[in-house]
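To start, the structure itself, in structure tokens.
Laboratory data are not the source of any read-out in this text; all were calculated from the coordinates shown. Keep in mind the model is a prediction, meaning the values are calculated, not measured. Backbone-built Cβ (ideal geometry, glycine too); neighbour counts: all protein chains shown.
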Amino acid sequence: MKIKKILVVDDEKSIHSYLQRKLSKLGYSVYIAEDGEEALSKAFSLLPDLVLLDIKIPKLNGIEVCKRLKSDDGTKKIPIIMLSAKAQSEEIEEGLKAGADKYLCKPISFPDILKEVQNYEEG
Amino acid sequence: MENNKNRHDEIERRRLQEYIFNLEEKEEMAEDLAIEHEHLKHTQELLNAILSATTHGMCLIKKDAFIWCNKGLTDIFGWEHDELVGRTIEILFPEKDEHARINTLVYRELSETGNTTFDYDFVHKNGERIACLVTGRPLDESDVSRGFIFSFTDFSKRKRAEEALKKTRDELEERVKERTKELHSINKQLNLELTERKRAQESLRKSEDKYRLLYEESKKAEEVYRSLIHSSADAIIIYDMEGIPNYISPSFTLIFGWTMDEVEGKPIPFLPESEKATTMKIINDLIENETPYHGYETKRFSKDGRLLDVSISASRYSDHEGKPAGMLVVIRDISERKQLEAQFQQAQKMEAIATLAGGVAHEFNNALMGIMGNIELLKMDLPEDERRDKYFEAMKGSGHRMSRLTDQLLAYAQGGKYQPKNLKVDDFVIETLPILQHDLNPEVRVETHFPKDVSYIKADHAQMQMVLSAILANSNEAIEDEGLVRITAENKDVDEDFTKQHPGLKPGTYVCLTIEDDGKGMDEETKGGIFEPFFTTKFQGRGMGMAAVYGIVKNHDGWIFVDSELGKGTTVRIYLPAISAESKEQGAKPVKQPEIELNTGEGTILMIEDEDVVIEVTQAMLEMLGYRVMSAKTGKEAIRIAETFDGRIDLALLDIKLPDMEGGKVYPVIMKARPNLKVIVFSGYSIEGPARKILNAGAQDFIQKPFSLATLSEKLKEVLEGK
């Protein structure tokens, strides 16, 4: 599948603006959501090709956002890559249980993130 | 405790994440800077290359001194880069003052407008002047203290080139001027030639017009000729030099029958063998000597084999180069004219013969008068005797035969129309046939057929008998064994067309008497001579028959035609003028036969006659009849007697031909002297002619010589007794 639209969900400005600048440079259309509700509303309305999702975000955490998207017919097929500082195995398991397609632990370099994104692209 | 540791780990991870991203960003910026530096370096190299490559001189001047200059500037002025940098620009000016003057102007302009442009002759390192276009502007507009960039464009080469160009142009102009002058003169010459040519063209055009006019005229003329040739009644043939026809006119086809298609490419087969030699001689003469022929009369065949009389005119014609091209031949069909000519000649011949015959008959009659009269007188003197009568009858028979011959001669001479009476042709034939049939061969049968309404004619009974007799005699001759003669008569209206073909015949109503036989017929030659006196085919014969017939018919204003062909019999048609119904009864009395008994009488008779033979015999006859006779041998003598004789004269016998004057002249004179005188004209000529005139003038009667005693006694008695 061809990935064009990417929704980046993170409340940390230095993180999401860096990702946005780097991904935009590579040709992706990058949309930003800084909390769980914004993430859901943008995901339902924009129908992105991929979501980079942080767990510890205001209003509705990433686990909930993931569950909601995966339980909706219109959004359940959108790949969700979780990007979180929570690195305990049960925390990872919880994320995957919630429906995430991939769970990446911070700190991670941009080239590694890009590699994962491109994995979906090729698949 | 565990939770705290986890939270700490989480916070640590977050901090590290921000750090990593920050680091990545700085690395990226360093990479970007390096790229930009590389780019700048590249740009600088490019600029240096451009500045070195350009032939424009570039320099940065600060406080009037060279800070930097490019290769272009050192090339223009001959100074090395290092020789210039650090030195003042004065080095490029010829004089110190000039440097100051230009500097003032340039920097004033730079301060006022921000840039400057001027040209000036700078000085090369070797002292040569270099013309340059200079532009200048501050290096940094916001800070003029950083110096000014000047650009020098060396146009001394261009200037030299321009000067050379100008020189060349001037030379060219000079040459153009010269050339123009030459051209002007040539032009003048050309104009002259052009005028001359125009004049020539004009005259050519005029001549063309003339020739066109001539052409049109000749075309018109050709059309006229063509239509003339086309409409000519004469046949026109245009031959080539070999005698092959190139053209025949419509009249040719009309006259001869051949069309152009039939004679194209070959000689016309109309030349009879008999005409060949003469014709070839004429043609050779025409071709070789160009001798034209006019009205050459000859004969030619028509397509259907008729032999036509033609008159040929021929001339040779030439083509436009004057070379003989062929012959123009005009042929006139003169068959009809020839026929008329032949008829005319025939008529003239007949006329001449008639005159001769008349003369002969006159003499003959006078002589016969002597014989016949004296025979009668002699018979009276001798005593009656059987032998005497036998001799006398034989002599009288011969005399009558001779007398009939002179009658025929006179009839032929058209002078014998003694007593024209109204006659019905059918009755006449029916009455006459029994008398004539005695002379015919018993094997010859005569049939008559007459319609009821055959008109009357005015004719002499005796002459008509002669006509019928002569024609029947010929038919009798023509029928060798047994045969048939058919006589018919019918009324015919003769119109103009018919008279044109038969000159002498006038339009009107005629009675046509036709006598046809089925005898052996005649050939052309016999037919042609049939009306000539003394012409005969018989071994023995008088040959006057048909000539007399001709004379009689003509004398009766009629016309005679003979159709005959060998083996096919002969048809004679005699046209005699019919007379109208009113006049036909008049005088239609039977012809009176002379009586045999003699009527004696008394009285004085003046005989005016010059022939002694006639005088003697007539005087004897008159005295025998009891008359007293005076005679005069000339007109003058007769007149003298009439005027001076002291006694009665009862009657004058007047001859027409007297030695000193005509009877016609004598008559009025003697009548003046003796108005009661009775006159009988007697003549060896026929009644027609001078005799008729005297009768018309008042004379009582006419006696044809020779006359018998009986005729004389009868006439005298009639006249003297006024019967």
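Across region B:55-167 the C-alpha pair distances fall into 10 Å bins from zero in the proportions 14, 47, 30, 7, 1 percent. Net charge in the neighbourhood of residue B:332 (other residues with Cβ under 12 Å of its Cβ; Lys, Arg +1, Asp, Glu -1) is -2.
Other residues with beta-carbon under 15 Å from the beta-carbon of residue A:27 carry, at +1 per Lys or Arg and -1 per Asp or Glu, a net charge of +4. P(r) for region B:355-452, from all Cα pairs and a bin width of 10 Å, is 12, 26, 29, 25, 7, 1 %, short bins first. Measuring spread by the Cα atoms of the protein assembly as shown yields a radius of gyration and Dmax of 80.9, 240 Å. Relative to the longest principal axis of the Cα atoms of chain B, helix B:2-53 runs at roughly 60 degrees. Between residue B:339 and residue B:313, the FRET efficiency from the beta-carbon distance, with R0 = 25 Å, is close to 0.75. Expressed in Å, the radius of gyration and Dmax of the Cα atoms of region B:209-293 are 16.1, 55. Under Stokes-Einstein, with the Kirkwood radius over Cα pairs as Rh, the value for region A:30-98 at 4 °C and 1.567 mPa s is 108 µm²/s. How high is the FRET efficiency between residue B:242 and residue B:297 when r is their beta carbon distance and R₀ equals 22 Å, given to the nearest 0.05? Efficiency, rounded to the nearest 0.05: 0.30. With both residues required to sit in the protein assembly as shown, DSSP beta bridges show an antiparallel share near 65%.
Pairwise alpha-carbon distances in region B:628-723 exceed 19 Å for 37% of all pairs. Charge tally around residue B:234: other residues with Cβ under 10 Å, Lys/Arg +1 each, Asp/Glu -1 each, net 0.
What pairs from B:506/B:705; B:220/B:303; B:71/B:159; B:281/B:500 go past 26 Å between their alpha carbons? Where the Cα-Cα span goes over 26 Å, the pairs concerned are B:506/B:705; B:220/B:303; B:281/B:500. Helix B:663-673 axis versus longest C-alpha principal axis of chain B: approximately 60°, rounded to the nearest ten. You can think of it this way: the chain between residue B:643 and residue B:392 has 86.2 nm of extra reach, that is 0.36 nm per residue less the Cα-Cα gap. Under the 0.36 nm per residue contour assumption, what length would be gained going from the current alpha-carbon distance of residue B:259 and residue B:126 to full extension? Gain on stretching residue B:259 to residue B:126: 36.4 nm.
In loop segments of region B:126-173 as defined by DSSP, the GluC sites (Glu not before Pro) with at most 13 further C-beta atoms inside 10 Å of their C-beta are B:128, B:141. The modelled label-to-label distance between residue B:676 and residue B:427, using points 7 Å beyond Cα along the C-beta direction, is 4.1 nm. Its residue count N sets the reference 2.2 N^0.38 Å, and the alpha-carbon radius of gyration of chain B equals 2.71 times that reference.
Along each principal axis, taking the top coordinate minus the bottom one, the Cα set of region B:49-113 gives 33, 27, 18 Å in descending order.
Rounded to the nearest 10 degrees, the angle from helix B:273-289 to the longest Cα principal axis of chain B is 40 degrees.
Figure legend: label point modelled 7 angstrom from the Cα of residue A:41 along Cα→Cβ; residues of region A:56-97 with amide N under 17 Å from it are A:58-61, A:65, A:69.
The mean number of partner chain beta-carbon atoms within 10 angstrom of a residue's beta-carbon across peptide B:10-22 is 6. Spin-label model, residue B:378 to residue B:348: label points 7 Å out along the Cα-to-beta-carbon direction sit 4.6 nm apart. Residues of region B:371-402 falling in the label zone of residue B:439, defined by backbone nitrogen less than 18 Å from a point 7 Å along Cα to beta-carbon, are B:397-402. Mind checking which lysines have their C-alpha under 29 Å from residue B:219, skipping anything on the same chain fewer than 8 residues away? Answer for residue B:219, where 29 Å is the Cα cut-off: B:206, B:210, B:323, listed by chain and number. Mind grabbing the base-10 log of I(q)/I(0) for region B:453-510 at q = 0.30 Å⁻¹? Debye formula, identical points on the C-alpha positions, no solvent, two decimal places. The calculated log intensity ratios at q = 0.30 Å⁻¹ are -1.11.
Just round it to a whole percent: the fraction of Cα-Cα distances in region B:108-164 exceeding 17 Å. That tail contains 48 percent of the Cα-Cα pairs. Volume of the convex hull of region B:157-316 (Cα atoms only), normalised per residue: 247 Å³. Treating each Cα of chain A as one equal point scatterer and applying the Debye formula with no solvent, the log10 of I(q)/I(0) at q = 0.16, 0.19 Å⁻¹ comes out as -0.68, -1.01. Cut-off under 28 Å on the C-alpha distance; same-chain residues fewer than 8 positions from residue B:26 excluded. Which lysines are left, in chain and number order? Excluding near neighbours in sequence, the set is A:4, A:5, A:13, A:22, A:25, A:56, A:86, A:106, A:115, B:41. Multiplying the residue separation of residue B:37 and residue B:141 by 0.36 nm and subtracting their alpha-carbon distance yields 34.9 nm.
For chain B, the 222 nm mean residue ellipticity estimated from helices alone, with every DSSP H stretch of n ≥ 4 adding -39500 (n - 2.57) and the total spread over all residues, rounds to -17000 deg cm²/dmol. So what is the diffusion coefficient of region B:303-387 in µm² per second by Stokes-Einstein at 37 °C and 0.692 mPa s, using a Kirkwood Rh over Cα pairs? It diffuses with D of about 166 µm²/s by this estimate.
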